[in-house]
Amino acid sequence: MYSISRGAAPKPLKCVVYGAEGVGKTTFAAQWPGAVFIDVEDGSGHYDVARMPRPQTWGELLDEITWCAMSPDVGTVVVDTVDAAEALCIRHVLDEHDARGIEQVGGGYGKGYTYLAEEFRRLTDALDGCVANGKNALIVAHAQIKKFEQPDEMGAYDRWELKLQKKCAPIVKEWCDLLLFANYKTDLVKDENGKYRPSGGKRRVMYASHTAAYDAKNRLGLPDELPFEFDAIRDKVPTFTGALVEQPEQTNAVAVQDSAADLSNLTYTDVTPPEIKSLWELMDMDGITKEQVMRAVGEGQNNPYTVETTIGEYDIGFIRDVLVAHWGQISKGIKEKAAYEAPIPFD
């Protein structure tokens with residue numbers, strides 16, 4: 001049975017802010033409520049901000065995002081910058097395919113960029129886990145000027161774009177609720193000779209609506225142009241800091257009980273990601289324990305975890321795309337293994 005709801009449904013924001021070097025992107029991000037930086041680029045050292053250890057690999061980056069999703073001390077997860085994160089992703093793809101360049105992956109013909117985009121999507125999936133746990137997700141990016149040509153028009157022109165590969169940039173732009181382009185703006189005045197000259201210093205502004213010169217969008221009803229200051233959007237940003245739900249004798253980490261029987265008594269909270277709820281329900285339905293899942297994952301081929309890795313340490317994307325998506329096959333394998341290993345009763 002379905003029901004229809006009406007009206008706005010406030011939720012944490014998914015935001016991307018990009019712009020020219022030195023325009024103040026890190027300063028802007030630092031003012032978001034409960035901001036914790038995952039400083040991939042190592043560029044926040046001169047700022048008084050909360051930060052995670054700098055991730056050295058793609059897996060470490062995803063793990064840190066997942067940890068932030070579960071931490072009650074995080075209000076906004078900041079990835080600074082996404083182009084540095086993409087570099088980690090490229091290195092991961094090259095290592096997986098034993099290739100020296102992205103053009104060589106998969107035998108060439110552009111397959112490397114497809115593999116890259118598929119892997120890169122795990123970043124936004126992990127950030128979705130943060131949003132599901134009541135935290136804002138903010139991506140910081142550099143900008144670059146590229147030649148752009150409309151397919152149905154004559155001529156080409158320069159425009160500002162995200163400094164990402166052509167198949168990765170759309171993933172980030174489509175994912176976010178708020179895409180802000182930050183830049184300097186110089187006011188011009190006409191002198192006595194009818195010529196325009198700069199007046200005063202440069203102003204820092206951000207743009208929230210798309211034009212031919214840059215990509216931008218917003219779902220908050222913002223004006224096209226605003227001062228590049230957090231105060232300009234402060235009243236639109238949800239504040240989620242501190243523990244969202246107090247639970248006795250446990251934090252907001254993933255909690256899976258020792259037996260399938262106990263799973264039926266779990267109390268889901270607003271901070272429990274839907275992927276984990278789905279896994280709990282499937283385990284309960286089939287009478288599968290957490291130890292059986294951990295063993296199946298740890299002994300499986302090409303799985304990133306050992307048998308000692310707890311389910312609470314699994315990546316949200318792995319839970320959704322592997323465990324939940326292929327649960328029928330996984331459950332069947334676990335039951336067959338249990339039946340094979342069961343002791344033979346004596347008469």
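The values are calculated or read from the model by the stated rules, or taken from the named source; none is laboratory data. None of these values were measured; they are calculated from a predicted model. Backbone-built Cβ (ideal geometry, glycine too); neighbour counts: all protein chains shown. Protein only, heavy atoms only, side chains kept; ligands, DNA and RNA dropped before computing areas. Shrake-Rupley method; radii C 1.70, N 1.55, O 1.52, S 1.80 Å.
The GluC sites (Glu not before Pro) found in segment 1-69 that occupy coil by DSSP, while having at most 11 further C-beta atoms within 10 Å, are 21. What segment 29-154 shows is 46 Å² of accessible area per residue, with the surface traced by a 1.4 Å probe over protein heavy atoms. The candidates 337, 332, arranged from most to least accessible area with a 1.4 Å probe in the full protein assembly, appear as 332, 337.
Between residue 286 and residue 156, the FRET efficiency estimated from the beta carbon spacing at R0 = 56 angstrom works out to 0.45.
On full extension, the segment bounded by residue 103 and residue 31 gains 22.0 nm, given 0.36 nm per residue less the C-alpha separation. Shown in residue order for segment 44-59 are the 3J(HN,Hα) couplings computed by the Karplus curve 6.51 cos²θ - 1.76 cosθ + 1.60 at θ = phi - 60°: 9, x, 8, 10, 7, 10, 7, 9, 8, x, 5, x, 9, 9, 4, x Hz (x for Gly and Pro). Net length available on complete extension from residue 192 to residue 326 is 40.9 nm, with 0.36 nm assigned per residue and the Cα-Cα distance removed.
Straight-distance candidates among the lysines for linking to residue 167, with alpha-carbon spacing under 28 Å and chain neighbours fewer than 8 residues away dropped: 11, 14, 25, 111, 135, 146, 147, 217. Qualifying chymotrypsin sites (Phe, Trp or Tyr not before Pro) in segment 49-119, where qualification requires a DSSP coil assignment and no more than 16 other C-beta atoms within 10 Å, comprise 109.
Diagonalising the gyration tensor over the Cα atoms of segment 95-163 and scaling each eigenvalue by 5 before taking the square root yields semi-axes of 27, 24, 11 Å, largest first.
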